Amino acid sequence: MQCQNLLAAPTKIDDYHWDHVDRVVAIGDLHGDYANYLKVLQAAGIINARGQWIAGETHLVQLGDVPDRGDDASKIIAHLKKLVAQARSKGGQVHTLLGNHEAMNTYGDLRYVSAGDYAELAGRDSKEWRDAYYAKMLADIKAREPERFAQLPGDFRDTWNASHPLGWVEHQRAWNPKWNPKGEYYEWALQDDVSIQINDLVFLHGGISGAYCQNSLASLTEMARTALRASDPATPSVLTDPNGPLWYRGLAGFEPVAAPESVQAILDHLGAKHMVIAHTPTAGAIWPRYSGRVIQIDTGMSAYYGGHVAWLEETKDGLFAGYASGKIRLPSDDASRIDYLKQVIALQPGNTGLQKQLSALEQAHGNDTNIAPETTQADADPANAPAAAALPICGISP
């Protein structure tokens with residue numbers, strides 16, 4: 001895994017491409033875990049103990065899924081915004097990418113919003129605002145559905161309150177453009193790119209499937225922003241497509257699994273060597289697949305997924321997996337992954353998930369194509385999305 005020449009001056013080619021960047025650090029899903037977010041940035045030498053940027057001209061890439069599951073998404077977003085300005089003043093860059101959970105919050109799929117996230121947004125007027133919304137909603141039911149209104153149970157308000165805690169209205173105003181087209185977190189999600197390329201690395205949340213093989217990086221973001229503004233999950237779009245860049249898990253071993261020919265065609269089309277993805281937890285290891293052409297970096301950093309702190313790093317010396325206890329060079333072929341995984345386990349001796357993965361990999365002689373990924377598919381498919389269709393080797397999505 002030799003990166004291209006990083007000795008020339010860093011160059012921004014366009015809004016989606018940078019070249020000759022000396023150091024790149026990428027982190028995966030955070031899911032509201034502010035403590036581990038700070039921990040990974042300090043371990044990677046991005047920030048100091050006071051949370052300030054110390055990484056010079058480094059490019060930091062966060063691959064989406066900042067909200068949900070954990071309680072501190074608002075704190076992470078606020079800190080990332082500060083880092084953007086601090087990094088720029090030192091010649092560095094912070095890139096935040098769009099994940100499926102950012103998109104879900106904007107179009108009202110709140111299944112994974114934590115109680116702490118709502119509480120963080122609640123204020124002194126929360127009860128008044130919630131009562132006003134409840135009264136308006138109840139009046140609407142009475143006018144539009146009188147029979148339903150007449151049959152509402154006596155505990156309807158209590159049940160409704162349970163699914164609309166204090167802070168729910170503020171959450172909608174911050175995330176949902178139908179409530180507030182100038183919402184702070186909606187605008188933050190809207191400025192996130194879907195995919196960027198730095199040096200020979202393409203970054204995105206879920207992955208590029210064969211259905212999007214010929215799409216440009218610009219087109220992925222343009223389609224996503226159009227759908228975010230529409231805020232209509234019932235209309236099929238790149239935001240909800242199971243084979244789209246926010247949801248696709250085929251590069252991580254789930255059906256429909258990406259064909260090696262598709263992976264190579266995608267990289268050839270983009271002029272890259274590696275695709276870096278998040279979205280699917282790996283139980284703690286930065287994990288190369290397809291002879292290193294695909295690199296999974298969602299290690300499950302949030303406490304919800306085990307709190308496995310890790311990052312991917314590219315320098316002039318190559319590609320490395322960073323862990324709290326040290327860095328390990330990534331293997332450039334599948335056969336070397338057993339030795340690599342043993343090194344990772346040595347840094348995380350109590351990680352039973354990695355031990356299980358090692359046993360399965362050894363039995364499969366280093367080929368994990370048919371090994372069931374160590375993750376849950378509880379939120380693998382967006383609500384009401386069509387079943388994943390058969391994929392072309394290299395197609396294009398409108």
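Among the residues making up the stretch 267-299, those that are small (G, A, S) and on the phi < 0 side of the Ramachandran plot are A272, A278, A285. Going by the structure shown, is L251 assigned to a helix (DSSP H, G or I), closer than 30 Å to P349 by Cβ and within 15 Å of the chain's Cα centre (by Cα)? It is true that L251 is assigned to a helix (DSSP H, G or I), closer than 30 Å to P349 by Cβ and within 15 Å of the chain's Cα centre (by Cα).
Among the residues of the stretch 298-357, not one is open to solvent by less than 10 Å² (accessible area, probe 1.4 Å), touching a Phe, Trp or Tyr at 6+ places or on another chain (Cβ under 6 Å) and assigned to a loop (DSSP other than H, G, I, E, B). For the stretch 34-67, a residue qualifies if it is within 20 Å of A303 (Cα to Cα) and open to solvent by 20 Å² or more (accessible area, probe 1.4 Å), and the qualifying residues are Y34, A35, N36, L38, K39, Q42, A43. Just one of (1) open to solvent by 20 Å² or more (accessible area, probe 1.4 Å); (2) more than 25 Å from A234 (Cα to Cα) trips up G70, so point out which. The one condition G70 does not meet is (1).
It is to be established whether one or more residues within the stretch 95-116 are free of Cβ contacts under 8 Å to residues at least 40 places away in the same chain and of a type in the set (A, V, I, L, M). Within the stretch 95-116, not a single residue is free of Cβ contacts under 8 Å to residues at least 40 places away in the same chain and of a type in the set (A, V, I, L, M). For the residues E222, E170, the requirement of being outside any loop (DSSP other than H, G, I, E, B) and within 30 Å of A9 (Cα to Cα) singles out E222. Residue check: is G91 over 30 Å from S302 (Cβ atoms), touching a Gly at 6+ places or on another chain (Cβ under 9 Å) and open to solvent by 20 Å² or more (accessible area, probe 1.4 Å)? Yes: the conditions hold for G91. Taking the criterion of being within 30 Å of A78 (Cα to Cα) and basic (K, R), the residues of the stretch 117-154 that qualify are R124, K127, R130.
The values are calculated or read from the model by the stated rules, or taken from the named source; none is laboratory data. Computed from a prediction, not measured in an experiment: that's the story for all the values here. Here Cβ is always computed from backbone atoms with ideal geometry, including for glycine, and neighbour counts include all displayed protein chains. Surface areas here come from the heavy atoms of the whole protein model, side chains and all, with no ligands, DNA or RNA. Shrake-Rupley method; radii C 1.70, N 1.55, O 1.52, S 1.80 Å.
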